[in-house]
Amino acid sequence: MAITIAVESPLQDDVRAMVAELNAYMIPLTPREFQFQLTAEQMAEPTVTVFVARDAAGRSVGMASLRDHGSGLGEVKRMFTRPEVRGRRVGSLLLQKIENLAREKGLERLVLETGEAPGFEPAWRVYERGGFQACGAVLDYPDSGYSRFYEKKLS
């Protein structure tokens, strides 16, 4: 399966649909107050870069975002791949694009928050294979027991 990944606007209908799919996936797994989702509009802010993965037919099959917090710190947000491409390393390709951009920007560290509940195991595998290590709570996320945190030092 040929996959292309490019920086795109999150305000496109197909990207908005993926945001909705990700939200729907997460709702039954984690209490709502411990879900820290960016909307498509928030993903369009200047500090956020959105990567979209597309198949050979041009259909969107995955997305991931890099949020630049300044001071050398970047955050991975809104990682998602559609079910039909899971297990085909699309998530790993997206994560590599984020890391490459973070390095280009001179960021020194990437962090992320993901769910701690059953159902998030595929995400954990992608992050761990990508060289991320579990860590304590990052940024202003609460250490609630519903989140798992990862970091990767780039410098």
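Coordinate-derived values only; no laboratory data. Quick caveat: nothing in here was measured; it's all calculated off a predicted structure. Methodologically, a virtual Cβ is constructed for each residue, glycine included, from the backbone with ideal geometry; neighbour enumeration extends over all protein chains shown.
Find the residue count for segment 121-140, including only residues that are surrounded by fewer than 17 Cβ atoms within 10 Å (Cβ to Cβ) and in contact (Cβ under 8 Å) with a residue 40 or more places away in the chain. Working first, answer last.
Residues of segment 121-140 that are surrounded by fewer than 17 Cβ atoms within 10 Å (Cβ to Cβ), as a first pass: 121-122, 124-125, 128-129, 131, 133-137, 139-140.
Now drop any that are not in contact (Cβ under 8 Å) with a residue 40 or more places away in the chain, which leaves 139.
Number satisfying all stated conditions: 1.
Taken over segment 117-140, the residue count meeting the criterion of being more than 15 Å from residue 32 (Cβ to Cβ) and assigned to a loop (DSSP other than H, G, I, E, B) is 11.
Answer yes or no as to whether residue 53 is more than 20 Å from residue 151 (Cα to Cα), touching a residue at least 12 places away in the same chain (Cβ under 8 Å) and touching a Gly at 6+ places or on another chain (Cβ under 8 Å). Criteria met by residue 53. Taking the criterion of being β-branched (Val, Ile, Thr) and in a strand (DSSP E or B), the residues of segment 1-38 that qualify are 4, 5, 7. Counting the residues of segment 55-91 that are part of a strand (DSSP E or B) and over 18 Å from residue 25 (Cβ atoms) gives 8.
Checking the structure you have, find out if any residue of segment 92-112 is among the basic types (Lys, Arg) and under 15 Å from residue 6 (Cα atoms). Looking through segment 92-112, at least one residue is among the basic types (Lys, Arg) and under 15 Å from residue 6 (Cα atoms).
Could you go through segment 29-43 and let me know if any residue there is within 18 Å of residue 113 (Cα to Cα), touching a residue at least 60 places away in the same chain (Cβ under 8 Å) and in contact with a His (Cβ under 8 Å, 6 or more places away or on another chain). Looking for residues that are within 18 Å of residue 113 (Cα to Cα), touching a residue at least 60 places away in the same chain (Cβ under 8 Å) and in contact with a His (Cβ under 8 Å, 6 or more places away or on another chain), one finds none in segment 29-43, hence no.
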